[in-house]
Amino acid sequence: MLPHPPYSPTEAPTDYHVNRSMKNWISNKVYEDLDELVTDVKAWIASKDPAFFARGIDMLPSKWEAVIEVDGEYAPE
């Protein structure tokens, strides 16, 4: 049993893979309004195949093992 979840309490564990990729994709972009941002994010999601999202889920056991190896401390990224 770990003293805390092996992920950030503010993010779903499956979000790490997606967030990192989206952060790289969206960097240095400027949006005039929320609708423009939403449209662009929807286009990014549509550009990814299902395997991309599955890969993030498949990586979870190794993330959990990394936390266990450091005795429950947050493992480095």
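List of remarks:
- Residue match in segment 44-51 (condition: on the phi < 0 side of the Ramachandran plot, at pLDDT 85 or above, part of a loop (DSSP other than H, G, I, E, B) and loosely packed, with under 11 Cβ neighbours inside 10 Å): yes
- Any hit, segment 59-71, residues being modelled with pLDDT under 90, exposed (fewer than 13 other Cβ atoms within 10 Å of the Cβ) and not in a helix (DSSP H, G or I): yes
- A single entry from Lys23, Lys29 fulfils the requirement of being at pLDDT 80 or above, under 14 Å from the mean Cα position of the chain (by Cα) and over 25 Å from Asp71 (Cβ atoms): Lys23.
The values are calculated or read from the model by the stated rules, or taken from the named source; none is laboratory data. Since this is a predicted model, take the numbers as computed values, not measurements. Don't worry about glycine lacking a Cβ; one is built from the backbone with ideal geometry, like all the others, and counts go over all protein chains shown.
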